[in-house]
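Novice: Next up is a structure, given as structure tokens.
The values are calculated or read from the model by the stated rules, or taken from the named source; none is laboratory data. Quick caveat: nothing in here was measured; it's all calculated off a predicted structure. Glycine also receives a Cβ, built like all others from the backbone with ideal geometry; neighbour counts cover every protein chain displayed. Side chains included, ligands, DNA and RNA excluded: accessible areas come from the protein's heavy atoms. Shrake-Rupley method; radii C 1.70, N 1.55, O 1.52, S 1.80 Å.
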Amino acid sequence: MLEVVSWAMLGLATGFHAAYGVLKWSLGMRREALYEWEKAVSVLVYLLVVHLILWVSSEISTALGLGISVSNPFSAAESLRQAAGVFWNASRVAVDTIMFVSVERAVLAAAPLTTPLSGVLGGATGWSVTELGIVSIFYMHLSFASDVISRVSWPLLSLGATLTAIPSLRKAGATLLAAYLSSTLSLVYSSNVVAQALRSIRVPSSTSVMDWIKVAEIAGSNAVALGNAATHTAVALALGAAAGVGLAALFGSIYISLTRV
Amino acid sequence: MLLLGLSLAALAAELAVLFTLQRSGARELLSREVSELVLSTGLFLTFLIFASYYAPPGAIETARENLAEAGDALNLIHRKLVGLSLGTTALGVILSFYLARGSYKLPEILQTYAVNLDRLVGPLSSIASLVGLAAALARHFLLLVELGGKLRPYLEALLPTLLIHKVRRFTAPLIALLFTVSVITPYALSLRLPHVEAPLHFIEAPEKWGFAHFKVYDRSGGVVSAPVLVALKDISGRLYIARVSHEYTVALPAGNYTAAWAAAYFTRFDVPGCCLDPKPYAYCSCPVWPARLHLDNYSVVNVQVSLPVNLIYCEEGVGGIFTAQRGGAPLPFSSVNCRAAVYVEPREGEPAFIAVKGGGYGVIFPSGRVPAGNGTCWYVNVSRTGGKPPGVEIDHDLLGRARRGYIFWWNSVKDAVAEHLRSLFEVRNSNTPNYMEYELMVSFYKGACAGQPVQVPFAEVLIQGVCCWNDSHAVPLNPFWEQTHLIADSLPLLAGDIIRLFSLLYNSALLVVYWASGVLLAAGLYMGTLPYTAKALAERLTRGARLIPLLSLKAGEQQLWKPRRSLRDEIEDALWERSTIKRLARMLYILASHALRGTVSALRSKPVPLALRTFEVASASAARRYQREKAAAPDGWRRRYRLAKLARESSRVAKILYNVSTWPSGEHALRTASIAAGTLGTLARLARVIIPEIYYRARGYKVLLPYSLGYKQLEENFLAPRRSAMTNYERRVAPLVHKYLQELSDEVAKRAPWVAASAEWREFKEALQKAKRLHELDAAAELLLGMGEDVRRLVARITKVAPSPWMERDFALYLRLRALEEFERKGETWATFYKNMFLHELLLPLDWRARLQHKLWKLRRWHKWYLGEPI
């Protein structure tokens, strides 16, 4: 639905500028008419520029073997939806591991002979449970953010392209376009990193005796894998945000107008 | 340097175009961009120097090694601490419970054992968690440093882009972040981290456990429920002392053990060598059997403890031990109320021996009155022989050591045990009782009866117990207590070391965060304030610079580069140059600048038709070329045919669009058709004014049209402020208008400081300062509004007067009305009169015809103005 509204908004903006330009042209305000038509073209140009940036990013990532599929806004929205799922899975894995450790501690505390070992297990898994706890919250929020951005990506793009063409609203539009590009690229890249980390992660199974025995080792390796992915993700998001600020400044400050030379 | 050169070249090209086009504001633009370049160059050099001097690429490797070393050390310590807490738990807690109480109520005790309350296990677990977190922090830093190493080339590639105009706006935030990750982080983490020595003593938790089930009997074969100590040695010589009673089960680490002794009532009964190496058919008295124990994983071994003595039971424990025998056979006895009574049947020549460790004794026997036959009676003779009961005195030092260890252990775990169970493990103050060791020889002989005969079958030897031997005396010994004690002592030192390391890591993290925040904040400020700073700096440079010839030149009044004459005049002028080279250079410059200006002028006036015409011609040419190629080379004719067709179609469409774009406007068409005064033309003119008017009204601005159309006429006709000397009206209103303009200009200068820095602003301020009369103030207001669209919008935002093309008139009327309203509020009626006159408000009530006529007059007046006719 939002996609249709976005396309309608784009069409409406382009049509409005074109029609207003025709009106001004017919009234003899030819320079102003050209400005209006330029705005209509600008909307399409900004869409094209965003598409081009996504395509170039996708090509570069494919060449680097990153496997990010964001060659156009359609696939970007789909990748963001998948990213939300990946982040949610990572959060669930972290929570499941924490729950397993907690259950084992509870079991140890309940059994007479092993009660003191519960504290020992707490000491052995304290760091991993803390790290997994932080990581699970981090990924959970990233999942929400990816989901929200996947839903609003089309309105962001269309509103950004529409507003950037209007001189007085260019900065707002540029910010939206930059937010769309930076969040899409950084989140999709981060989800790729997390998906790779998830491949090497195993949630301990309650039916496996060895998992009960080696719970500290499993929790530790899960914490290392997810924690490393979280650091990569944080750096990627920070770089994305910095690039977004730069893109916003770039879109907002550089405007090539053929009719205003 | 290449990028700096490119940047300067791009800047020069942009400025050359701007100067050639004679765009206004080129002077400010030049100064601003030079200022930006100066600031950015400073930032570039700062980053470059810091990156190359303080954090060269080698710093990354140093930081990486440092962190890897710290991470490895922390991981090792974490593993050891976990093993240590496991060992401490298993050997220090569980084993001690077993050694003290066996399996008696142990499940209940361990079930109530509160996790993390143990004074040793709790801190150990906490330290293990802390060390694990420090190791995780080190691991994340290591990852960050490695990422920084990978990102460093990108920083080095992007850093020079700070010098490139416009591009720096995109790259500055990225550079700030990359600088943080790849320079500041390694710099902060290349500090040397201290090594942490692991704790000196480690105890490993046994992986397997076995159980020993004890059955304890006394000399007479009765079960013993009193505490008996059993000492077991493992193959490494560690001595375990368990406190057992009959049917106790004790858990021990799996392995081979040798029974050393059993003890009761301060008496140790050593296990003789024959018990350890029994020979067939050889008698051996073993207080503990089997003397060699092999405990397998979860196996249970039955152990029998046979005390070679009998016990005297008191209310609070054991009061003594004794043996009683005659001719190798045990004598009957009973033990009640801390006393043992040994019954000795009178026999002549067969003395009974009673060895005692305890209190004194007494004999109940009526000597001389118990008939022994033949008119004789029995007499008893009790004498001490100097013998002792079996066993040797227990090592009291060992007991003291065990007691101290037990108390240390119990104090560390008692908080973790439920209160109602603590009494099972509490040790009270106790002293070693003053017992005696002696042996009695009880013999009988016959003699003459000395009284009324009494039938008594035996002599009763009463042995008094000396209390006591109980749980407070018989304390177990866990060989791991001493190690646990040492660990507990070394724990504060270890915790101190780890906290120091953690603090260093934390401080490094803070250093990274502070630096990163500083750099990012600086980048943000740089991005946010650069235009203003550059503008302010530029203004100063333009005003006062004498060092930069170009700026000095531009600061002057004469604009030398601005062509003021025609091409012909300029060429004629250039021909007067004496030097041929100069003449040629000047000619080339004049031709180039005129060509560029002409092109741009053509583009500015008719860009769309020009572009369409160019495209049409190019497409037609391409179509012809493809057609020729098709005719010349039949191969591949299909492709050429398609291209030719496409070019032809493009040319056709471009031609149609060109025709459309060169069509005259509707208004022009109407004018050329001599119907400009017709309805459509009028509507067109009306639309040109009405559309913006509606637009500004819809946006909430004040539109004073058409009242502002005639305020000058009204003033000239009725108030005469221009022709004659200052009238009262002007004398009263002008100062207020002056004040409003002053206030407004202050507000504009406050909100838009860059406007206040321009030359036009000085011109406006001078005009305002000189202005005394209303028309002079109008001129000053026009100067203010003529400073650009930004100022018009700002004034509109402040005063709510619409920033329309007729804003100057609306604004002048607005200032007058505001002054008149102020007078009106003071109750001056002339102001009301004048205000109504400006607003064409009727002063007196008229009938509806007069009102209608007035409305129609106003409508006609608007209409005339809309059509551009004189009012």
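Novice: Please compute P(r) over all alpha-carbon pairs of the stretch A:45-253, binned at 10 Å starting from zero, and give each bin as a whole-number percent.
Specialist: Here the calculated profile for the stretch A:45-253 is 9, 30, 25, 16, 11, 6, 2, 0.
Novice: If amide H atoms are built 1.01 Å from N in the plane of the peptide, which residues on other chains or at least 5 residues away come under 5 Å of the amide H of B:Cys377?
Specialist: Distant-sequence amide H within range of B:Cys377: B:Ala372, B:Gly447, B:Ala448, B:Cys449.
Novice: Which residues in the stretch B:332-346 have a backbone N closer than 12 Å to a point placed 7 Å from the Cα of B:Glu460 along the Cα-to-Cβ line?
Specialist: Counting only backbone N, you get B:334-336, B:340-344.
Novice: At a Cα cut-off below 19 Å, give the lysines reachable from B:Lys388, other chains included and same-chain residues fewer than 8 away excluded.
Specialist: Result set, ordered by chain and number: B:Lys357.
Novice: Shifting gears a bit: Full-extension gain between B:Ala749 and B:Glu61, please, as 0.36 nm times their residue separation minus the C-alpha to C-alpha distance.
Specialist: Full-extension gain reported as 242.3 nm.
Novice: With n ≥ 4 as the cut-off for DSSP H runs, can you work out [θ] at 222 nm for chain A, using -39500 (n - 2.57) per run divided by the number of residues, rounded to the nearest 500?
Specialist: Value at 222 nm, helices only: -30500 deg cm²/dmol.
Novice: Continuing with this model, one more query. Taking loop as defined by DSSP and a crowding limit of 15 other beta carbons within 10 Å, which chymotrypsin sites (Phe, Trp or Tyr not before Pro) in the stretch A:159-261 fit?
Specialist: Counting only loop positions with at most 15 other Cβ atoms within 10 Å, the chymotrypsin sites (Phe, Trp or Tyr not before Pro) in the stretch A:159-261 are A:Tyr255.
Novice: Still on this model: I need the calculated FRET efficiency for the pair B:Val38 and B:Leu76, taking r as the beta carbon distance and R₀ as 51 Å, to the nearest 0.05.
Specialist: 0.40
Novice: Follow-up question, since we're still on this one. Heavy atoms of the protein only, probe of 1.4 Å, neighbouring chains included. What is the accessible area of B:Ser367 in Å², nearest 10?
Specialist: Surface accessible to solvent at B:Ser367 totals approximately 50 Å².
Novice: Quick one: if the Förster radius is 41 Å, what FRET efficiency do B:Lys826 and B:Ala687 give, using the C-beta to C-beta distance and rounding to 0.05?
Specialist: 0.40
Novice: Taking 0.36 nm per intervening residue step and subtracting the Cα-Cα distance, what contour gain separates B:Gln304 from B:Lys233 on full extension?
Specialist: That pair, B:Gln304 and B:Lys233, stretches by 23.9 nm at full extension.
Novice: Averaged across B:166-178, how many Cβ atoms of other chains sit within 10 Å of each residue's Cβ atom?
Specialist: Going residue by residue through B:166-178 and averaging, the value is 6.
Novice: Now a separate question. Send over the Kirkwood Rh of the protein assembly as shown, from the inverse of the averaged 1/r over different Cα pairs, rounded to one decimal Å.
Specialist: Here the Kirkwood hydrodynamic radius works out to 41.2 Å.
Novice: B:Lys855: which aspartates and glutamates have alpha carbons under 16 Å from its alpha carbon, excluding same-chain residues fewer than 8 sequence positions away?
Specialist: The qualifying aspartates and glutamates are B:Glu841, B:Asp847.
Novice: Find which of A:Ser186, A:Gly227, A:Thr175 sits farthest along the positive direction of the dipole of the stretch A:45-253, computed with +1 on the beta-carbon of Lys and Arg, -1 on that of Asp and Glu, about the Cα centre.
Specialist: After comparing all options, I get A:Thr175.
Novice: Same structure, new question: Could you calculate the FRET efficiency of B:Glu315 with B:Asn434 from 1/(1 + (r/R0)^6), where r is the beta carbon distance between them and R0 is 25 Å, rounded to 0.05?
Specialist: 0.85
Novice: If you take each beta carbon of peptide A:127-133 and count the beta carbons of other chains within 10 angstrom, what is the mean?
Specialist: Across the residues of A:127-133, the mean count of other-chain Cβ atoms within 10 Å is 4.
Novice: At 7 Å along the Cα-to-beta-carbon direction for both B:Tyr695 and B:Tyr154, put a label point, then send me their distance in nm to one decimal.
Specialist: The modelled label-to-label distance comes out at 4.4 nm.
Novice: Separate question: Could you order the peptides B:223-235, B:124-136 from most to least packed, using the average number of other C-beta atoms within 10 Å per residue?
Specialist: Sorting B:223-235, B:124-136 by mean packing, highest first, produces B:124-136, B:223-235.
Novice: Could you work out the mean count of beta carbons from other protein chains within 10 Å of each residue's beta carbon in B:139-152?
Specialist: 3
Novice: Please give the charge dipole size of the protein assembly as shown, origin at the Cα centre, charges +1 on K and R Cβ atoms and -1 on D and E Cβ atoms. Round to the nearest 20 debye.
Specialist: So the dipole magnitude of the protein assembly as shown works out to roughly 7700 debye.
Novice: Another question, if that's okay. Any idea how far the Cα center of the stretch B:164-188 sits from the one of the stretch B:421-493, in Å?
Specialist: That distance is 83 Å.
Novice: Mind giving me the nanometre distance, one decimal, between the label points for B:Arg500 and B:Ala418, set 7 Å out from Cα along Cα→Cβ?
Specialist: Taking the two extended label points, one gets 4.5 nm.
Novice: What is the extension gain from B:Leu486 to B:Ser334, computed as 0.36 nm multiplied by their sequence separation minus the C-alpha to C-alpha distance, in nm to one decimal?
Specialist: 49.9 nm
Novice: Please compare each pair in B:Lys739/B:Lys826; B:Lys750/B:Lys826; A:Lys24/A:Lys171; B:Lys835/B:Lys858 to a cut-off of 19 Å on the Cα-Cα distance and tell me which ones are over it.
Specialist: Table pairs above 19 Å Cα-Cα are B:Lys750/B:Lys826; A:Lys24/A:Lys171.
Novice: To make sure I understand the rule: partners must be aspartates and glutamates, Cα under 20 Å from the Cα of A:Lys214, and not fewer than 8 residues away in the same chain. Which ones qualify?
Specialist: Excluding near neighbours in sequence, the set is A:Asp96, A:Glu104, A:Glu131, B:Glu204, B:Glu207.
Novice: In addition: Label points 7 Å out from Cα along the Cβ direction at A:Phe16 and B:His854: separation in nm?
Specialist: About 4.1 nm, to one decimal.
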